[in-house]
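A quick write-up on the structure given underneath.
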Amino acid sequence: MTEALNWWRTATVYQIYVRSFADSNGDGVGDLEGIRSRLDYLRDLGVDAVWLTPFYRSPMVDNGYDVADPRDVDPLFGDLDAFDRLLADAHERGIKVTVDVVPNHTSSQHPWFQAALASPPGSPERARYWFRDGKGDDGEQPPNNWLSCFTGPAWTRVADGQWYLHLFAPEQPDLNWANPEVVADFHKTLRFWLDRGVDGFRIDVAHGMSKPADLPDMDPRAMYNVVEHATYTDPRLNHEGVFELHEGIRRVLDEYPGTAAIGEVWTFDDEQMGQYIAPGRLHLGFNFRLALTDFDADQLRSAIDRSLAVPLRVGAPPTWTLSNHDVWRQVSRYGDGEVGLARARAMALVELALPGVVYLYNGEELGLPNGPLTEEQSTDPGGTSDMQGSRDVARIPLPWSGDEPPFGFTSGSQTWLPMPADWADRTVERQEADRSSTLWLYRDALRLRKSHPAISGDKVSWEDAPSGCFIMRRPGGLACVLNTSDELVDLPAGEVLLTSAQLQGGKLPPNSAAWVV
Ligand code: NOJ
């Protein structure tokens with residue numbers, strides 16, 4: 001029983017970007033029924049759970065991360081009955097369902113924000129958000145120098161001269177979590193979905209929910225160097241008041257045994273990461289180190305060591321991810337083309353050899369690269385920020401079947417982002433028919449990860465390896481060999497379980513990985 005309740009400690013979770021997974025009604029936008037129609041695909045892939053990106057009522061300025069009603073489904077994606085059907089059918093196949101929740105901000109169309117705009121400065125309606133007078137003689141300067149994580153200042157002025165805070169788009173005003181009404185309403189939202197039967201949550205901007213009451217200036221350099229973030233003073237994020245808020249969330253989840261929450265937590269301060277996932281707080285915290293590390297064995301090894309040390313110290317499972325809807329697809333990060341794909345396949349074997357929880361992003365199992373998009377085609381409000389340009393390049397709809405766009409994604413002729421014509425050889429249909437495809441690599445790796453006794457133990461150790469390579473061993477016996485060098489290398493003695501590329505004369509080629517027991 002305990003093992004069943006602890007499913008989230010070792011799960012492989014598949015992120016579904018709802019707009020881009022599968023469309024059921026021909027409008028070119030993915031939806032809940034579309035997902036339901038593809039559940040057998042997910043069962044056959046072998047994932048334990050899905051994470052659905054926001055599907056709540058929203059004006060869709062940030063594709064649903066601007067929520068106008070967190071307790072209803074946007075008509076674009078279906079309705080509550082469609083959600084219940086999806087949940088039931090997923091559960092029937094043994095797939096857990098976790099949903100994205102957005103506590104840091106609402107849509108500017110949320111009734112609370114509309115009421116705040118219609119109410120005077122100092123009113124209780126405004127106290128749910130961060131309204132402040134500006135600086136300067138006429139208050140014409142923003143209250144502080146905070147920048148939006150997207151682009152421009154984090155403050156927008158309203159008709160009566162006050163300013164409101166938004167860490168993202170102006171259409172995403174930040175909630176003030178010091179206000180008990182905000183806390184109570186979010187707990188109500190959690191219970192609403194828990195009562196319907198969800199298995200957990202992904203908490204958007206979990207590290208931003210608390211702000212220092214005096215809103216001190218930030219160091220603007222904090223914007224431009226994510227990995228070194230912690231070096232610069234950035235009072236916008238990771239404020240210590242956040243832990244108490246997470247403890248409140250945890251108490252709600254503890255009323256529903258077998259559920260778990262993972263926080264979107266951007267911090268590279270190991271001490272701080274430990275605080276987020278300490279007992280009584282978030283079950284899991286996203287670890288983005290692998291997604292930010294080059295294809296280099298030494299750098300990857302140290303990223304893995306650092307990623308493991310923190311959760312091991314506090315008793316939480318480690319988490320891993322190579323990409324999501326906010327970053328470039330790994331094939332493109334690693335150089336695109338054949339090399340990019342070979343490296344992405346190798347990294348899949350590295351990631352799936354690691355202890356803990358793995359988050360896959362829909363389409364990585366097909367080896368999809370970024371899609372080519374013009375500026376006009378991009379819909380992303382974060383597109384001009386420091387996130388390497390438009391995030392939409394990683395959000396192109398999935399190719400399912402056929403020889404030309406829309407590749408079975410929709411029965412209509414248009415898709416919300418254009419699909420590249422040269423994805424014909426990447427469809428699910430083609431890859432299912434080809435035993436050497438990336439889809440089959442993921443299927444094989446996931447099956448072994450679940451069933452092979454050698455893939456066990458909560459640590460890894462490192463064995464001597466040629467330069468540019470590593471050999472990572474799990475206590476159960478699995479060795480994962482990664483070759484980021486330009487040479488063919490020998491494998492350690494043992495049975496080869498799986499390789500990301502064909503061996504050449506028994507040796508592992510460059511840009512590949514192997515599992516050996
Ligand atoms: C993080 C989400 O992953 C991203 O897509 C979104 O734009 C921001 N949070 C704001 O909600």
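Descriptive notes on the structure:
- Full extension of the segment from Arg85 to Asp326, taken as 0.36 nm per residue of separation minus the current Cα-Cα distance, would add 83.9 nm.
- Convex hull volume of the stretch 306-364 per residue (C-alpha atoms, cubic angstrom): 87 Å³
- For the stretch 456-463, the Karplus equation 6.51 cos²θ - 1.76 cosθ + 1.60, evaluated at θ = phi - 60°, returns couplings of 7, x, 9, 10, 9, 10, 10, 10 Hz by residue, with Gly and Pro reported as x.
- Label-to-label distance for Asp403 and Ala433 is 1.0 nm, based on points extended 7 Å past Cα in the beta-carbon direction.
- Along the stretch 437-445 the Karplus relation, 6.51 cos²θ - 1.76 cosθ + 1.60 evaluated at θ = phi - 60°, assigns HN-Hα couplings of 6, 5, 4, 5, 4, 5, 4, 5, 5 Hz to successive residues, with x for each Gly and Pro.
- Taking the alpha carbon gyration tensor of the stretch 347-482, multiplying each eigenvalue by 5 and rooting it gives semi-axes of 34, 20, 12 Å, largest first.
- Förster radius 51 Å - calculated FRET efficiency between Asp40 and Ala118 (Cβ-Cβ, nearest 0.05): 0.55
- Label-to-label distance, nm, for residues given as Leu312 and Glu140 (7 Å Cα→Cβ offset): 5.9 nm
- Estimated FRET transfer efficiency (Lys450, Ala213; beta-carbon r; R0 35 Å; 0.05): 0.15
- Debye equation applied to the C-alpha atoms of the chain, log10 I(q)/I(0) at 0.07, 0.08, 0.11, 0.12 Å⁻¹: -0.38, -0.50, -0.96, -1.15
- Gained length - Glu271 relative to Val339, 0.36 nm times residue gap less alpha-carbon distance: 20.8 nm
- Considered as an equivalent ellipsoid built on the Cα gyration tensor, the stretch 172-311 has semi-axes of 27, 21, 12 Å, the largest given first.
- Mean projected area in nm² (Cα convex hull; one quarter of hull surface) for the stretch 106-174: 4.2 nm²
- Using alpha-carbon coordinates, inclination of helix 180-196 to the longest axis of the chain, degrees: 40 degrees
- Which of Ser108, Ser123, Val50, positive extreme of dipole for the chain (C-beta unit charges): Val50
- Extension gain from Glu181 to Arg157, taking 0.36 nm per residue of separation minus the Cα-Cα distance: 6.2 nm
- Placing +1 on the Cβ of every Lys and Arg and -1 on the Cβ of every Asp and Glu, with no other charges, gives the stretch 1-123 a dipole of roughly 300 debye about its Cα centre.
- The relative contact order of the chain comes to 13 percent, based on Cα pairs under 8 Å that sit 6 or more residues apart.
- Dipole of the chain, positive direction: furthest Cα of Gly494, Trp155, Leu417, with charges on the beta-carbon: Gly494
- Spacing of the two label points (7 Å from each Cα toward its C-beta) at Ser413 and Asp294, in nm: 4.7 nm
- Since only Trp7, Thr427, Met347 are under comparison, the one whose Cα sits farthest along the positive direction of the charge dipole of the chain, derived from C-beta charges on Lys, Arg, Asp and Glu, is Trp7.
- The stretch 123-145-the stretch 477-517 distance, computed between alpha-carbon centres (Å): 59 Å
- Degrees, to the nearest 10: 297-314 long Cα axis against longest axis of the chain: 60 degrees
- Whole-number D in µm²/s for the stretch 1-149 (Stokes-Einstein; Kirkwood sum over Cα pairs; 10 °C, 1.306 mPa s): 89 µm²/s
- Using alpha-carbon coordinates, inclination of helix 337-352 to the longest axis of the chain, degrees: 90 degrees
- Charged-residue dipole, Cβ positions (Lys, Arg, Asp, Glu), the stretch 445-517 about Cα centre, Debye nearest 20: 440 debye
- Shown here are the Rg and Dmax of the Cα trace of the stretch 263-386, at 15.5, 47 Å.
- Taking 20 Å as the straight-line reach from the Cα of Lys450, the lysines in range (excluding those fewer than 8 positions away in the same chain) are Lys96, Lys459.
- Our note on the geometry: Cα centres of the stretch 241-301 and the stretch 17-51, 26 Å apart.
- Set of lysines near Lys211 by C-alpha distance (under 20 Å), chain-local residues within fewer than 8 positions excluded: Lys135
- Rounded to the nearest 20 debye, dipole of the chain from Cβ charges on Lys, Arg, Asp, Glu: 1300 debye
Laboratory data are not the source of any read-out in this text; all were calculated from the coordinates shown. Keep in mind that what you see is a predicted model, and the values were worked out from it rather than measured. Neighbour counts run over all protein chains shown; Cβ positions are idealised from the backbone, glycine included.
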